[in-house]
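K.L.:
Supplied in structure tokens, the structure appears directly below.
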Amino acid sequence: MKNYWTIPKLKIYPEYSDKEWYVWFRFNRKPVIVKRGLNKILDLKERELEGKALAKALEIQLDKGWIPKSALNYIEKVERKTILEVTDISFELKAKQVDELKSYRTAINFFKQALKDLKMERLNSHSFERSHAKRILEYLKEKRSWTNKNYNKYIGLYRTIFYEGLDLGYFKTNPFGEIRNLKTVKKIANTPPTDEEMQLICQELKDKNYGFYIFFMIIYYCGIRPTELTLLKIKDLDFENRYIKIREENAKNDKFRKVPMVGNVYDLLITCKGLDEDLYVFGTWVTNGGRHSQKNWFTPNKYKLKKDTPNRQWKKLIKDGLGINKNLYSGKHKGADDKLEAGMDLKTICSIFGHSETAMTERYAHSLSERRLENAKKYNLKTF
């Protein structure tokens, strides 16, 4: 069998991070990590040069036929596993990386039952491919009466779970990796609130849960995702330069970014200055984010909130309480529109939101297409 390997790459972390740098590549789908004293080099520029040189040297060795020992030993271990066994292994590995397991556990239970119902549980993991995964999804969609949105949600969960099995060499490719999402209808709840609705929302949050009001204002002004905010710590607030740091391990795209404190965010957060840097900015005093009074949550505390707490609180106060059918994340959409209205250019908004392309930002700027259409009317063109 011909050996397959990817080009070795250097993994770099920011200066403030305590994570070690390394060169990594895949050999016959097995990830291989090489450090070779890189982290003993204190000068980061010198370490980067040395790391890139190491990556190039490893590439030359691989090209000459070098076979890493760890990859050889690994191949022997993964040959005889059924898809059912690999499902449990993949879930156990994923469980060590995430805090909220409820959705993952439900997804795996559905998947394992579908395997048994469709008589696939004894299938070798190397033989489990996209066609099998697609069949299971279609079976579950019908059996569980999933909407297209539910279907897409579970594709995402299975994709991330089975990446663990792929990394261990149990699959040829991720069986859910190339399955397309189904089209979903855009709901009114995803559109931005009106100015009048914003006034009502902000007043209600100020009255009922001031910490949650600050939480929402950061979504509005800075475009930071709710999940990222629940993981934010005091040490991530740079008051001197007026930035909020989103660490790569907390970011959706696994990339570190600095978000400017736009609007009055600096004034809203200044009370956090000088507090214990390991406290969560929007935390709770109760372990595991359990039941607690509103007085003690969404404030600097030792423990983080549960992932779904912000949306649950939003539903209670805004959707049910005020009868405004807009989602918590609609604040980001409203912020994009209002920034454009204030004269901020699209590229600046793109940078604030941490988007790599303006096309992504345009999804949040609902007024942009209307503005372009209006501007088109102003041009005087030749008539013939």
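Please treat every number below as a calculation from the coordinates, not as lab data. All figures in this text were calculated on a predicted structure; none of them were measured in a lab. Because the Cβ atoms are built from the backbone with ideal geometry, glycine has one as well, and the counts that use them run over all protein chains shown.
K.L.:
Test of understanding: ordering 172, 141 by Cβ neighbours within 10 Å, fewest first, what list do you get?
P.N.:
172, 141
K.L.:
Sort 36, 80 so the one with the fewest other Cβ atoms within 10 Å of its own Cβ comes first.
P.N.:
Listed from fewest to most nearby Cβ atoms, that is 80, 36.
K.L.:
Bin width 10 Å, origin at 0, all Cα-Cα pairs of region 83-167: what percent of pairs per bin?
P.N.:
Computed distribution, short to long bins: 17, 56, 27, 1.
K.L.:
Can you spot the aspartates and glutamates whose alpha carbon is less than 17 Å from residue 69's alpha carbon? Ignore those fewer than 8 places along the same chain.
P.N.:
59, 79, 167
K.L.:
Straight-line reach from residue 326: which aspartates and glutamates have Cα under 18 Å away, leaving out those fewer than 8 places along the same chain?
P.N.:
Residue 326 reaches 195, 196, 197, 204, 308, 337, 338.
K.L.:
Something else: What ranking do 149-157, 85-93 get when scored by the average of other Cβ atoms within 10 Å per residue, highest first?
P.N.:
Taking the mean over residues of other Cβ atoms within 10 Å, the ranking is 85-93, 149-157.
K.L.:
Related question: How many lysine pairs does region 132-233 hold where the Cα atoms are under 21 Å apart and the two sit 8 or more places apart or on different chains?
P.N.:
18
K.L.:
Once the Cα atoms of region 19-139 are picked out, what are the Rg and Dmax in Å?
P.N.:
Gyration radius and largest Cα-Cα distance of region 19-139: 19.6, 57 Å.
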